[in-house]
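One structure is given below, encoded as structure tokens.
Read the figures in this text as sums done on the coordinates, not as results from a lab. Worth saying up front: this structure is predicted, and the values here are computed from it rather than measured. Cβ sites come from the backbone with ideal geometry, for glycine too, and all protein chains shown count toward neighbours.
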Amino acid sequence: MGPGQPTMSNLEVPNLEDNGLNWVTYKERVINILTHEGLERHLYGTAPKPEELREVDGKWFTEEEPTKPLTRKEIKEHDAKIDIFVQQEAMVREVIYQTISQYTFLRIYKEETSAKLWIKLVSLF
């Protein structure tokens, strides 16, 4: 991965037991590792998602400047921000997915964001 792109260190999170006996430890470790990795805002839903662009007649605009078309460079920079945001969301999900059972996975995986996934998981335990 290039500079500025997200990566994960090799920290370990314990698997969550289906009966929730280790929930307190599991929850704290997940929060701690994601904080260490700079991803806790995704867990809490406070990471700002880059704004959606609007296309008009083959030109792209932001909501902030709806009359000023973006340059190719600005579009590329925006796309890079979107890519990083999506990758970070996936990293949070993967930390959770790798540490829960198939049973628990099937109960939470349809949530739209990693924050909603976390809220759903918390509600189960």
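On full extension of the chain, what length is gained from E111 through L53, given 0.36 nm per residue of separation minus the C-alpha to C-alpha distance? Kindly include the intermediate steps, with their values, before the conclusion.
Working: separation 58, 0.36 × 58 = 20.88 nm, distance 2.37 nm.
Full extension from E111 to L53 adds 18.5 nm.
Distance between the pseudo-spin-label points of L124 and K68 (7 Å out from Cα toward the beta carbon): 4.6 nm. Taking every C-alpha pair closer than 8 Å and separated by at least 6 residues, the mean separation divided by the residue count of the chain gives a relative contact order of 30 percent. What share of Cα pairs, in percent, lie more than 22 angstrom apart in the chain? Percentage above 22 Å: 45.
Charges were assigned to the Cβ only: +1 to each Lys and Arg, -1 to each Asp and Glu. The resulting dipole of the chain about its Cα centre is roughly 100 debye.
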